[in-house]
Each structure stands twice: as structure tokens, then as C-alpha cells.
Amino acid sequence: MHEFFNATDWLVERHVREGRGDRIAIRCEGTTTTYADLLEEIKAVASGLRALGVRPEERVAMVMLDSVQFVATFLGAMRIGAVPVLTNPLLPGRDLAVIIADARARILVISSERAGSLETLLPDAPEIQHVVRTDEWDSFAQSTTDQSDAYDTWEESPGFWLCTSGTTGRPKLAMHRHVDLKVTSDTFATNVLGVTKDDRCYSVGPMFHAYGLGNSITFPFAVGASVVLVPTRPPTPAMVAQTIAKEKPTLFFCIPTFYAALVNADLPSDAFASVRLACSAAESLPAETFNRFRELFGVTILDGIGSTEMLHVYLSNKPGMVKAGTSGVPVPGYDIRVVDDEGSECGVDMPGKLRVRGDSAATGYWCRSKTTRETFRGDWTLTGDLYVRDGEGFYQYLGRADDMLRIGGEWVSPAEVEGVLISHPEVLEAAVIGSPDDEGILRPVAFVIPVDQDQTALPAAAFGDLLIQYCREQLAGYKRPRQVHIVPDLPKTATGKIQRFRLRQPTE
């Protein structure tokens, strides 16, 4: 017989069972939810799902903003052995329909704020039989809550599905087990962050994504700590600063593009006074942003890298062991290799493709057998990222393998060129791709967002020339952008990753 393990029992119910039910689990829009309160919400959702005929291992689609209801739905589904499928609630209905139809979900739970997407969602997701809106919550979450024990799952049982971020196109559904949540707590949360029951977590990264899911559910609930949830999307620097001033979180989780917005938002120097550690993931954090944040607010950002497939961060800088511009060192519990095209391990300062091994790896992609075999090779997961390891053991991100540019017979990392552009005081964000010139030769081309788009002193063409000259002083000739396009924004995934494939598409 398998030993019982249900993630909901481990994250919430054991705290109530062991006398910690009165501890604060969630602070959301001025409302406090204790662990005992949360357990009742979870049981109510479990009852509601059972009343709709949801069976173990059946998918429950979620189109939800961060909220107590999100947490209760995610954990309520897992409590009865069902499989919550997390989606980006800000996607248009037609895009959500593709994901939900792919998952073959019968039940959809949606935040009322996003109910407008149902008109275009439902026609293309024909297997949906029941839609639960959060403004109809009382009729769904049964008043006579489920008092039975959590469903008899075990560590290997199907737990939840996450959408990959879609940096190269259509997202896939990565399948995770119940125990994968515990693994990320035992590794990154324990060995890097040192999360305790006295911490209060606040994540700008939303819970539908692997990074935010760990920050806002797994890490605080694993130790009986609390989390601050803010349903408003998208966030603004002013809103984040107000939330920190009011809720005083000790752990702050964000992404590089939003850190860049924070350092340019004219916030007071004590805006992050309560924060003992700040974390970054999703994309590589430029050294310039790291340094400016620490100078402005006195807080060191621990930059790292993770993935939907591995559920959370597996490479990270650590307290007292930080090197700006790098993704840090392997998180205890994970093995890292940088290999060449033949799979042989690369030496120090030799770039190669990153592979990771750890117990939080997904079991595969739903109905994507070919892609599953290409990505998961035995114990190792192929990340698709290019990295180089220096003599001190720190790993530096060079870009996605399919984003690297072959210029004049030499390899160019877009991330390196972007880092130089972002170091210019007038540049907020940058993205670099390869584009053929008039003679058909591939050249680096940059897309840049100025810090102040309304008050840039120079015209766009002159500003572009200025940046090209700036790069000429810091980069080899073949790496220097031949064109600079000044743009108001960059195409990104919900977690802030730049979708370079969209920049390469011809404009209409």
C-alpha cells in the first residue's frame, strides 16, 4: 500500500490538526483568513465540486485572480483528488479556450472580474458543463462542508497542471504530482530563503504561474507563515509600494521587468524597509537593475532561474553569496550540468545548454509525447537555456538556445547585448533579435523602451544612434546592434518573459 500524502492536508489541515489553526494564513484586501478559516473554505469548495460530480483525477479549469477563492479552489480540488489546471486569467477567451479544451475539463471556476471572456471561451471549449463564478460563490461553496478526510492520494498521485509560459509559441500543460510542492519547499524555501512561521510573503508574480504558486501558497503554508494576496492585475509600482507599507511583508518576490519599473518609480528609500529578502526569477536580472535596487532601497535581490517543468527555482544566488548578473549556484537538492551539442559536460567559461535534475520535475506534458521525450531525458530535464559557469561556480544566463545569433561566424547572446543596453541610464527595457540586412546577412537588432517615453530629449533616430555608439564602446563589433527601434512596450508572457518570436514576425 502507498503511504498517504495529500498536498492540501500537508499545507493546511495539519496546521489545524496540530493546534495552529488560529495563525494568519492570508491577508487579502484588508481581510484576515486564519488556517482554520481557510480549511473551512477548502472543504466548502470540495463539497461544491463533489456536488457537481467532479471525480478523482478529473481536471478543474481555473481562470482566477489571486484571492482566497483561488487558494480554496486549488487546494479544494486537490483535496478530493481532482486536478486543478491553472491558466492566465488575463488571456482573451479564445486563448483560454485552447488550453481548457486541451485539458478536457468539464468544470470551470472563474473570477467574476474575468467573466467577460466567457462569451468567446465557451464556444471553443465544448466539454465545459459547469461554470462557477466567484460572484456566485455562496451557492457553489456548500454551506454543509465536506467533513470527510482528504482523498487517499499519495506522493506520486496526479496533483495539478501548469501552462508553460509560451516564449516560443503555444503553451503546453506540464503535469505535476502532489509531492512536487513539498520538494520545492524542502529545497529553495528551506535552503535558500530560510522561510519560517514568522515570515509574511508577498509575490508580484501571480499564483497561476509556477513561480507565484510557490511564493504565495507552498512556501508560507509549508511552515505556517502568512501570505499577502492582491487580486488587482496588472500591478503598478505605486500599488506595490502601498501594499508593502500596509502589510509589511518580510519576503518579496518579483520579476526583472517589474524590478526595473520599481527603480524608476521615484519611490521613497524606505519603501522596502520590512523586506528581509527580495527574490527574482522568470528572466535574468540585469546587474544594473540589481545594483540600483540595492542602492535605492538597501535590499539585496537574490536572482535565480526556475521553470514550469521544475516547478520553482533550481539555480539561485544566496544570502551572503551573491554575484550580480548571474543566476547564482545550484539550489541544494538539484544537480546542474552545462553540456555541448553532443551531451558532453562543458568546462569553466565554456557556454553550453543547461540541464537540471531534481525531484520536483513534471511527469511530462499532457498529450505531447514527442515534446515530453525531447525535454525529459531520464533523470534530466533539458531547459532550452544557454549558460556558462565561471571559476567561482556561478552560472550566467546567455539566452534561450533558439535565441542565440550566429553573426559573422561568431555566437552572440541577446542577453549580453540587452544587459549593455539596459545599463544606459535612459533605457528601461531592451530586447535583441537577429534580422537579415539588405544583403541577407543576419545582424543584431534592438528594441528599446526608454525610461521616460514622453520626455526623451532626443528624437527616436538620434536616441537609437546614441545607443549604438554606447554599445560600440562596450561590445565587440559583431555584437553591436545595427538598428535600434524605440518602442512603447515589448511582447511578453504573463510572467514577464520576452516573446522574441513575436518581434521576429513581420509587422502588418
For the Glu136, Ser269 Cβ pair and Förster radius 45 Å, calculated FRET efficiency rounded to 0.05 is 0.50
Residues Glu345 and Asp452, FRET efficiency given R0 of 56 Å [Cβ-Cβ distance, rounded to 0.05]: 0.75
Extension reserve of the Ser435-His485 stretch, reckoned as 0.36 nm per residue once the Cα distance is removed: 16.8 nm
With each pseudo-label sitting 7 Å past Cα toward Cβ, what's the Asp390-Arg14 distance in nm, one decimal? 3.9 nm
From phi via Karplus (6.51, -1.76, 1.60), per-residue ³J(HN,Hα) for segment 327-342 in Hz, x at Gly/Pro: 8, x, 10, x, 5, x, x, 10, 10, 10, 9, 10, 10, 8, 5, 8
Quick query: amide H of Lys492 versus all other amide H atoms, modeled in the peptide plane; which residues come in under 5 Å with a sequence gap of 5 or more or a different chain? Gln499
When only C-alpha pairs under 8 Å and at least 6 residues apart count, what is the relative contact order of the chain, in percent? 11 percent
At a Förster distance of 45 Å, what's the computed FRET efficiency of Glu473 paired with Glu374, Cβ-Cβ distance as r, to 0.05? 0.65
Lysine pairs, Cα distance under 19 Å, 8 or more residues apart or cross-chain: how many in the chain? 6
Helix-only mean residue ellipticity at 222 nm, the chain, DSSP H runs n ≥ 4 weighted -39,500 (n - 2.57), per residue, nearest 500. What is it? -7000 deg cm²/dmol
Amide H contacts of Ile301 (H built 1.01 Å from N, under 5 Å, at least 5 apart or other chain): none
Quote to one decimal, in nm, the extra length available between Glu127 and Ala324 on full extension: 0.36 nm per residue of separation minus the C-alpha distance between them. 66.1 nm
Phe4 to Gln242: extension gain in nm, 0.36 nm per residue of separation minus the Cα-Cα distance? 81.4 nm
For segment 270-275, 3J(HN,Hα) per residue [Karplus equation, 6.51 cos²θ - 1.76 cosθ + 1.60, θ = phi - 60°, Hz, x = Gly/Pro]: 9, 4, 10, 4, 7, 7
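Every number in this text was worked out from the coordinates using simple rules, so none of it is lab data. Predicted, not measured: the structure shown is a model, and the values here were computed from it. Positions of Cβ are generated from backbone atoms using ideal geometry, with glycine treated the same way; all protein chains shown enter the neighbour counts.
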